[in-house]
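A.B. asks: Please read through the structure below; I'll follow up with questions.
The values are calculated or read from the model by the stated rules, or taken from the named source; none is laboratory data. Owing to the predicted nature of the structure, the values given are computational and were not obtained by experimental measurement. With ideal geometry, Cβ positions are generated from the backbone for all residues, glycine too; neighbour counts draw on all protein chains shown. The accessibility values were calculated without ligands, DNA or RNA, using every heavy atom of the protein model including side chains. Shrake-Rupley method; radii C 1.70, N 1.55, O 1.52, S 1.80 Å.
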Amino acid sequence: LLIILLVAEQAGYAAHFFPNLHNSIFHGICIGYALAALIIVLIVYREWPALPTQVPVQFTIDVIGVTLLVYASGGVSTGVGALLITPMVGFSLISNARTALTCALIGTLFMLFEEAFRLLQMDTAPIAFGTVGILGLIFFGTSIAGNAAGRRTRRSEALAARTGSDLENMSELNSRIIESMETGVLVVNRDGTIRLFNNAARRLLNLKSVAAGAWLPQVAPRLDAAITRWRRGEVRDNPMLNERDGEELVPRFMNLGSQTDDPPALILLNSAAELREQAQQMKLAALGRLSAGIAHEIRNPLSAIQQAEQLLAESTHITDEDRRLIRVIERHTARLERIVRDVLGLSRRENITRSQITMKP
């Protein structure tokens, strides 16, 4: 802008825009302001000093330079004072509300002092204090708007930083969870490129020396054939043979998202032997619960038998043979009670108490 003003002044066109132009003063101010702007560019490029120091210095230079241009061009009525709006908005964007209002006040006072100085010089040009007031209102309005926009921008930046941090933490958490899973996890593109797989998938498919980006038909052709059948709509979740040692694997397939026509596929791999072992453990657990239930049901009639045996033993009208039979009943009911108690103790997993026993030689 200063170069354009200098060219216009040298070519004689500046007088058409500024009737009360002081050519010599205007020329010197443009050169000095241009040199100062060049120094500011170098300071910004070198990033020294820090931004909190650069901004007030730059704004001060802009206020002084624009005020001198207003004076040299013939006053505020020429409209040159509007050049101060741009640096004022930039300063307001990165400052707080009080500083932004102070910035607008300083710009308004400089314009007012410029007009007052022209009045003291008894310049023949009209004094535009009303224009100064309107320009001051514009300064305050733009400063307030710029500061509000800056606050919203900083809040958005802080929110974006927090969101990015949360997403990064969530991504790391998901990666750790996937890596610690016993189920093999693979993400395969439509063209067969492996995007992701965890340690369990590496172990099940023997992919020790394979990295992400490998081609699935090359490293695991049987798995690629299985996913091809799944994409065609054929039977799913069929056990297949692993190329490593003939171990049976059970794959499960699903699409990841529906935003594209060719979404990547998520493959979950489980060892058929491990699944059978888990099923056997579930059966044993169910059998244990069933045994506990049966033992509990046996205890009720057993208690009735023991009570009847005790009542019979207290009777005075029994023979020695009856007493012998009562002792047999007592012995075997006690045995059944011990067995039921042991079964219930196993099913309840009662806490074990540690105690020391002195072993005699």
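A.B. asks: Where nothing but the Cβ of Lys and Arg (+1) and of Asp and Glu (-1) is charged, how large is the charge dipole of the chain around its Cα centre, in debye to the nearest 20?
C.D. replies: Once rounded to the nearest 20, the dipole reads 1040 debye.
A.B. asks: Another question about this same structure. List the DSSP H helices in the chain whose Cα atoms stretch 27 Å or more along the helix axis and whose mean Kyte-Doolittle hydropathy is at least 0.5.
C.D. replies: 23-46, 51-73, 97-120
A.B. asks: Then there's this: Which percent of Cα-Cα pairs in the chain sits in each 10 Å bin, short to long?
C.D. replies: Reading the bins upward from 0: 4, 13, 12, 8, 7, 9, 11, 10, 8, 5, 4, 3, 2, 1, 0.
A.B. asks: Right, here's the next one. How high is the FRET efficiency from Ala15 to Leu137, r the C-beta distance, R0 45 Å, rounded to 0.05?
C.D. replies: E(calc), rounded to 0.05, equals 0.90.
A.B. asks: Just to confirm, what accessible area per residue do you get for the range 1-149 at 1.4 Å probe, in whole Å²?
C.D. replies: 56
A.B. asks: With each label point set 7 Å from Cα along the Cα-Cβ vector, what nm distance links Asp342 and Val7?
C.D. replies: 10.7
A.B. asks: Got the relative contact order for the chain handy, in percent, Cα pairs under 8 Å and 6 or more residues apart?
C.D. replies: Reported relative contact order: 9 percent.
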